1. Mind listing whichever residues of region 206-220 are open to solvent by 20 Å² or more (accessible area, probe 1.4 Å) and closer than 19 Å to THR187 by Cα?
2. Which one is surrounded by the fewest Cβ atoms within 10 Å (Cβ to Cβ), of the residues in region 196-205 that are charged (D, E, K, R) and under 16 Å from VAL77 (Cβ atoms)?
3. Just to be sure, is ALA225 modelled with pLDDT under 95, open to solvent by less than 20 Å² (accessible area, probe 1.4 Å) and in contact with a Phe, Trp or Tyr (Cβ under 8 Å, 6 or more places away or on another chain)?
4. Using the structure shown, decide if ALA160 is buried (at least 16 other Cβ atoms within 10 Å of the Cβ), at pLDDT below 95 and in contact with a Cys (Cβ under 9 Å, 6 or more places away or on another chain).
5. Which one is least open to solvent (accessible area, probe 1.4 Å), of the residues in region 108-122 that are assigned to a helix (DSSP H, G or I) and under 16 Å from VAL174 (Cβ atoms)?
Amino acid sequence: MSLAPSVLLLVIACSLGWAGVDLLRKLLVAKISPIALVFLLTLGVVPLFAVWMAVGGSSLPRPGYLVPALASVALNVAANLLYLEGMRITPISVTVPLLSLTPAFASLLAIPLLGERPTPLHALGILMVVGGAIALHWGRSVDDGHHGTVKGAVFVALTALFWSLATPLDKLAVERADAPFHAFVLTAGVAVGVLGVLAARRRLGDIGQVRQVPGLYVLALVVSALALGLQFLALPHVFVGTVETLKRGIGNFMALLAGWVFF
């Protein structure tokens, strides 16, 4: 699949947006518990996607939408909880590069789910990004001053697997529904699922922690909505492996820069 310049710019903008989300989540999780943060971020963007639906005049989804949409919701609940916990205990320069495993996982999963077979050049690009992630992580241990590194790395590796499966499912969903509709369903579904986890753990009071960082929270909502919306607009026009490769390649560089500047 060849990329039109407009689609390439869309994917690059989406990738920069996710890099910003990674940084903002790392800053927020220092003040807000991971589970409460997932709930706050997903619930907060629901009204933004509702406005997008109203302005864009979204229609009802076509047959075959429900199964991939609900599966993506479940995977995203698990992945977000694992990722934020991993970010809390592990340096950002380790956690974000580990997500570079998602292009490899997503490309492999897209073959049976979507029939998307990467070309040799695409496969080489994916291997280069994954190789860079391994090089950045290689040699770290629990004795490097970050005692949660190994545990956090396991959490983030599982996150990579879950998100890799969720992305092809999202593509199946946006082929059967408008992008703002699926964004609304996904974020609302994740918010409901995480709210249940908070209630089960009797941690609903953690939601009030957002009062410590209101400005940062609002910024995170705007950037999150832009990143997810741009991704759903791009998915029908590009292989999921290409989206994930650009996201993680740009994310790796921005993570190292953010780790140096902010942490």
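1. ILE207, VAL210, TYR217, VAL218, LEU219 - these are the residues of region 206-220 that are open to solvent by 20 Å² or more (accessible area, probe 1.4 Å) and closer than 19 Å to THR187 by Cα.
2. Of everything passing the filter in region 196-205, ARG201 is surrounded by the fewest Cβ atoms within 10 Å (Cβ to Cβ).
3. It is false that ALA225 is modelled with pLDDT under 95, open to solvent by less than 20 Å² (accessible area, probe 1.4 Å) and in contact with a Phe, Trp or Tyr (Cβ under 8 Å, 6 or more places away or on another chain).
4. Details: buried (at least 16 other Cβ atoms within 10 Å of the Cβ): yes; at pLDDT below 95: yes; in contact with a Cys (Cβ under 9 Å, 6 or more places away or on another chain): no.
Judged against the criteria, ALA160 is not a match.
5. Within region 108-122, the subset assigned to a helix (DSSP H, G or I) is 108-114, 120-122.
Now narrow it down to the ones that are under 16 Å from VAL174 (Cβ atoms): 110, 113-114.
Values: ALA110: 1, LEU113: 69, LEU114: 42 Å².
Step by step, filter region 108-122, then rank; the result is ALA110.
Table: residues versus (1) outside any helix (DSSP H, G or I); (2) surrounded by fewer than 19 Cβ atoms within 10 Å (Cβ to Cβ); (3) modelled with pLDDT under 80; (4) among the charged types (D, E, K, R).
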position	(1), (2), (3), (4)
ILE32	yes, no, no, no
LEU48	no, no, no, no
VAL51	no, yes, no, no
SER59	yes, yes, no, no
LEU70	no, yes, no, no
LEU84	no, no, yes, no
THR95	no, no, yes, no
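Per-residue answers, yes or no, for (1) under 17 Å from THR187 (Cβ atoms); (2) not aliphatic (A, V, I, L, M):
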position: VAL11; (1), (2): no, no
position: VAL21; (1), (2): yes, no
position: ILE32; (1), (2): no, no
position: VAL45; (1), (2): yes, no
position: VAL51; (1), (2): yes, no
position: GLY57; (1), (2): no, yes
position: PRO63; (1), (2): no, yes
position: VAL77; (1), (2): yes, no
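The values are calculated or read from the model by the stated rules, or taken from the named source; none is laboratory data. Just so it is clear, the structure is predicted and the values come from calculations on it, not from any experiment. Using ideal geometry, Cβ is built from the backbone for each residue, glycine included, and neighbour counts are taken over all protein chains shown. When the accessible area is computed, the model is the full protein with side chains, heavy atoms only, and any ligands, DNA or RNA have been set aside. Shrake-Rupley method; radii C 1.70, N 1.55, O 1.52, S 1.80 Å.
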